[in-house]
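In what follows, a single structure is set out as structure tokens and then discussed.
Derivation of every value follows stated rules applied to the coordinates shown; laboratory data play no part. All of these numbers come straight from a predicted model, not from anything done at the bench. Ideal geometry is used to build each Cβ from the backbone, glycine not excepted, and the neighbour counts take in all protein chains shown.
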Amino acid sequence: MTTRPRSSAGFDALVLDARLRQSLAAIRSIGRRGHSVAAIEAAGKPPAFWSRWCHRALLCGAAHGSDAYAAFLHQWVEQHRPRVVFASHDGTISALRRHRAALEGQTRLALADEPALGIASDKRRTLAIAGLVGVRVPPTIYVESAADTADALAEIGLPAVLKPSESWQSNGRESTWIGAHLVTTTEEARQAIGAVARYGGTALLQPFLTGRREAVSVLYARGEVHARFAQWASRMNPPLGGESVLRQSIAVPADTGDAAERLVRAIDLEGYSEIEFRRDAAGVPYLMEINPRLSASVEIAVRSGVDFPHLIYQWATGERIDSVRAYRTGRWMRYLQGDVTTTIEAIHQRGRPGVPAPFRAARDFAASFFRPMRYDYVDWADPLPAIKAFGEFAGELARRSSKAATKPLMPGAAAPARGPSET
């Protein structure tokens, strides 16, 4: 392995959103190749700060997506001139897009150019282009007001999945991230639509598909696909289809692999993207969304032989991009904290569509310890982030257990059961 000297400004890469798992994967990937890496988080001291390859850790003190965050970043970038800036949080990317012109005078953002990034960030526009190029999409109703809930459900039916057109929502006064929700009643759907409408967003209502969730990750640049990788998610947090907490590397399926490449080319979406599909009961895949940024599950690709953070760095800096044509399949990877959370949630949500019975959820959780497995955070060449993550998780469990034990109960009421929140 050849190493490059550090940039004259001191840092080759700046990794934002350091609390996210994919950010730690990026720090390790780039740092172990001899590049100097700095990391920023809005608040707290995430496990990534303890990595041997994190040469400088910074706290911003401003909220993700805010103009204050962008101002802090611009000042730091102007002073230190990192070659590449990585971002993975939707709110951070929203801020970078608003201030892109000023930032790109000082560094290179590891993000696709506009308008491709705008299309990929908007599920409504993504689905429209997918339909034009023959990529199968689920029946979708667009709803802008909770008053239209009943009419929308009359077409889609229940249970259904409701999600915002854009995950990062802002109405000018406040901002938040909103994910997908499984709704089983009209009232649940009305509340979920109202939460999106509060920020002036559009809600997408789609049928609940019961097949497995697969994702195809692609590094596309200069008219060529340089690497592809596929995985399927055995368990997710939340159980409906949040981030994958137990996943396996698989060969790229012919149907979803072809669909993913056609869509990326149609949008001209350069850089890294993860294209998510959900199969129906018959095994037919339907497009769910594109994540045009490093995804939380990217470490399984790195461990299987597709080092996407390194490929992104090559693309962003204008270097020759390595082509990866093969990788190891059948590898399992687990995010233990998230798996604990999703198992507890499965017990709380018993009886809801797509949620396993409590006994099965507990059995499957325990059985995973007896399967050859890699774990997020755990890297014997870089042990401190795993120790830090475990300590934070144990502390959070203890605080929640203490709170549940001391909370006064109404006569005849059962003690509340709460799962740990994600770091």
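Assorted remarks:
- Relative exposure of 397, 205, 132, judged by other C-beta atoms within 10 Å (fewest first): 132, 397, 205
- Gained length - residue 184 relative to residue 136, 0.36 nm times residue gap less alpha-carbon distance: 14.8 nm
- Taking 12 Å as the cut-off, the amide N atoms of the range 108-143 that come nearer than this to a point 7 Å along the Cα-to-beta-carbon line of residue 262 belong to 130-137.
- Across 167, 401, 249, mean-square fluctuation computed from a Gaussian network of the chain (C-alpha pairs under 10 Å connected) peaks at 401.
- Beta bridges per DSSP with both ends in the chain, % antiparallel, nearest 5: 75
- Listed residue (162, 180, 145) projecting farthest to the positive dipole end of the range 139-207, Cβ model: 180
- Most mobile of 161, 306, 133 in a GNM of the chain (Cα contacts under 10 Å): 133
- Among 17, 382, sorting on how many other beta-carbon atoms sit within 10 Å of each Cβ, with the fewest leading, yields 382, 17.
- Beta bridge orientation in the range 31-177: antiparallel %, DSSP, nearest 5: 35
- Diffusion constant of the range 118-276 at 20 °C, which comes from Stokes-Einstein with the Kirkwood Cα-pair radius and 1.002 mPa s, µm²/s: 128
- Relative contact order for the range 13-111: 28 percent, from Cα pairs under 8 Å spaced at least 6 residues apart, divided by residue count.
- Over 32 Å [Cα-Cα, the chain], rounded percent: 37
- Take every pair of alpha-carbon atoms less than 8 Å apart whose residues are at least six positions apart; their mean separation over the length of the chain yields a relative contact order of 15 percent.
- For the range 13-111, the spread of Cα positions along the three principal axes, ordered from largest to smallest, is 32, 25, 21 Å.
- Quotient of Cα Rg and 2.2 N^0.38 Å for the range 104-197, N being how many residues it contains: 1.28
- The range 209-264 pair-distance distribution - Cα-Cα, 5 Å bins, rounded %: 4, 18, 26, 20, 18, 9, 4, 1
- Neighbour-count ranking [beta-carbon atoms within 10 angstrom, fewest first] of 329, 341: 329, 341
- Extending 7 Å from the Cα toward the beta-carbon at both residue 363 and residue 281 defines two label points whose distance is 2.2 nm.
- Over the range 210-334, Cα pairs under 8 Å with separation of 6+ residues give a relative contact order of 31 percent.
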